[in-house]
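Okay, so here's the structure we're looking at.
The values are calculated or read from the model by the stated rules, or taken from the named source; none is laboratory data. Given the structure is predicted, the values throughout are model-derived calculations rather than measurements. Heads up, the Cβs are rebuilt from the backbone with ideal geometry, glycines too, and the neighbour counts pull from every protein chain shown. Protein only, heavy atoms only, side chains kept; ligands, DNA and RNA dropped before computing areas. Shrake-Rupley method; radii C 1.70, N 1.55, O 1.52, S 1.80 Å.
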Amino acid sequence: MLDYDIEAARYDATRGGVPRAQSAARAVLALIPGRAATLLDVGCGTGLVTERMTRPGLLVFGADASAGMARVAAGRLDSRVVLGDSRRLPFADSSLDAVSSVWLLHLLPDAPAVIAECARVLRPGGVYVTTVDKDASHDVHSDVDALLAPHRVSDAHDAAPRVMAVAAEHGLRRAGEARFTGHGQGWAPSDVAQRVARGYFASALSLTGDQSSLLAHELTMLPDPEVPRADPVYRLLALRKEA
């Protein structure tokens, strides 16, 4: 697992930067009801996406468990950021109009606890918007994906059917969906090889140490190893809390 306190300093530059953040923020806002006055972005990271979730009349907050990430986000959100566990959010029951989590659930074995907590803080009629099937979205049927395929996990924490089933247990029902492009997130074989070696894909791939070394080598041997393959297209679900 990555140390996000350390990653905070380089996170934006290695994750598609502003174009990717703008794409994500627009898609999230499209699923937030126009009447919403408050939005909490859970797992806000550096706040690059969160600060772009703006429109008149909407007050946006961020929350992240990493002190390094929250520190960067606070500079972007006028300190409307809390350092906190996504399973125990420092907000009262039924206190928010909307909650979002972008690229978060796929990292968490206890994703159901996060979904439950997001449901708890939502007002009746409020909407929870989250990315689903994040790792699967990176499969663009490239030569890189052909090498990764035998090692992909089949039970992702953010699999859409799993998320919707847990959401239903907490009074959340599907209210819509959207897709957006992960600009700058197309994978170059050499970059993927480095990430495999660093354990970056712990939530997406099942690999032993020997398999990691072999896979990294095979990736560097692909044609045009420095050339990114196609950008992924991510999926968002909107889940409304029953009145």
Looking at the square roots a ≥ b ≥ c of the eigenvalues of the Cα gyration tensor of segment 171-243, which shape do they give, rounded for a/c under 1.5, prolate if a/b is larger than b/c, or oblate? oblate
Suppose accessible area is computed on protein heavy atoms with a 1.4 Å probe; arrange E226, E117, E242, E218 from highest to lowest. E226, E242, E218, E117
For segment 168-243, what's the relative contact order in percent, using C-alpha pairs closer than 8 Å and at least 6 residues apart? 60 percent
With a 1.4 Å probe and every protein chain kept in, tell me what percent of the accessible surface of segment 46-133 is carbon plus sulfur. 56 percent
With +1 on the Cβ of every Lys and Arg and -1 on the Cβ of every Asp and Glu, and nothing else charged, how large is the dipole of segment 46-185 about its Cα centre, in debye rounded to the nearest 20? 480 debye
Could you quote the convex hull projected area for segment 38-119, Cα atoms only and averaged over all directions, in nm²? 5.0 nm²
Would you work out which of S94, F180, V132 lies farthest towards the positive end of the dipole of the chain? Charges go on Cβ: Lys and Arg +1, Asp and Glu -1. S94
Of 78-90, 58-70, ordering from highest average Cβ density within 10 Å down gives 58-70, 78-90
Taking placed amide H atoms and a strict 5 Å upper bound, the residues 5 or more places from D133 or on another chain that come that close are D158, A159, A160
Counting pairs of alpha carbon atoms under 8 Å apart in space and at least six apart in sequence, what relative contact order in percent does segment 53-176 give? 22 percent
Dividing the Cα convex hull volume of segment 142-191 by residue count, how many Å³ per residue is that? 118 Å³
Return a whole-number percent for the relative contact order of the chain, with Cα pairs under 8 Å and 6 or more residues apart as the contact set. 22 percent
Helix 111-121: inclination vs the chain longest Cα principal axis, degrees, rounded to 10, gives 20 degrees
Once phi is turned into θ = phi - 60°, what whole-Hz ³J(HN,Hα) does the Karplus curve with 6.51, -1.76 and 1.60 give for every residue of segment 157-163, x standing for Gly and Pro? 4, 10, 4, 3, x, 5, 4
Within 10 Å, count the other beta carbons around each residue, average over each peptide in 44-56, 179-191, and list them highest first. 44-56, 179-191
Taking amide H atoms as placed 1.01 Å from N in the peptide plane, list the residues 5 or more away in sequence, or in a different chain, whose amide H sits under 5 Å from that of V81. G62
